[in-house]
Amino acid sequence: MLADPATASTPPAGAYSTSARPSKRRNRSVARITKLCGVHGSSQAGRQFRRIVTELVAELGGEPALGPQGRLQVRQAATLALALEQMQAAVAKGEAVDMEDFVRTGNSLTRVLKGLGIKKQAAQPTGLAAYLAATKDQPA
């Protein structure tokens, strides 16, 4: 006897389990901190914002180390950094940018980063003598 075509293509109940698939979801707390209302996450601005937040959170020791105020400051720093990047891109394209806004945004970002405990790390200057001393033992 042939099987009924309506039931022949239906897999038995429980044949496909979703628990066998590996989870592709990011850490929920980092995902919450990177979302902006009204901004599509796959837009260029959304991706840049998410990248900046992820870098700041990693530099601060991870999301569990941040309290509610820290999360707000990270989002504020990311917003300011994104605005500054957009202004810098406009300058590079030769577009007019209000330099007063540019300076204010940069100063605000510096204050927020200081509030988070992130300090500028100046590159160590290396003179010719230091370079020669460092490379003296290396074969030519």
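Yes or no, residue by residue, for (1) open to solvent by 100 Å² or more (accessible area, probe 1.4 Å); (2) assigned to a helix (DSSP H, G or I); (3) of a type in the set (S, T, Y):
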residue: A81; (1), (2), (3): no, yes, no
residue: A89; (1), (2), (3): no, yes, no
residue: G94; (1), (2), (3): no, no, no
residue: R111; (1), (2), (3): yes, yes, no
residue: G115; (1), (2), (3): no, yes, no
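Taking the range 91-116 as the range and being out of contact with any helix residue (DSSP H, G or I) (no Cβ under 8 Å at 6 or more places or on another chain), of a type in the set (V, I, T) and closer than 26 Å to R71 by Cβ as the test, only T110 passes. Right, S19: of a type in the set (S, T, N, Q), surrounded by 12 or more Cβ atoms within 10 Å (Cβ to Cβ) and at pLDDT below 55 or not? Taking the combined requirement at face value, the residue does not satisfy it. Being over 28 Å from R50 (Cβ atoms) and more than 16 Å from the chain's Cα centre (by Cα) is a description that does not apply to A65. The single residue among R71, R104 that is in a helix (DSSP H, G or I) and touching a residue at least 24 places away in the same chain (Cβ under 8 Å) turns out to be R71.
Selection within the range 24-79: residues that are modelled with pLDDT of 85 or more and polar (S, T, N, Q). The member of this set that is surrounded by the most Cβ atoms within 10 Å (Cβ to Cβ) is Q73.
The values are calculated or read from the model by the stated rules, or taken from the named source; none is laboratory data. No experiment lies behind these values; they were computed from the predicted model shown. Don't worry about glycine lacking a Cβ; one is built from the backbone with ideal geometry, like all the others, and counts go over all protein chains shown. Side chains included, ligands, DNA and RNA excluded: accessible areas come from the protein's heavy atoms. Shrake-Rupley method; radii C 1.70, N 1.55, O 1.52, S 1.80 Å.
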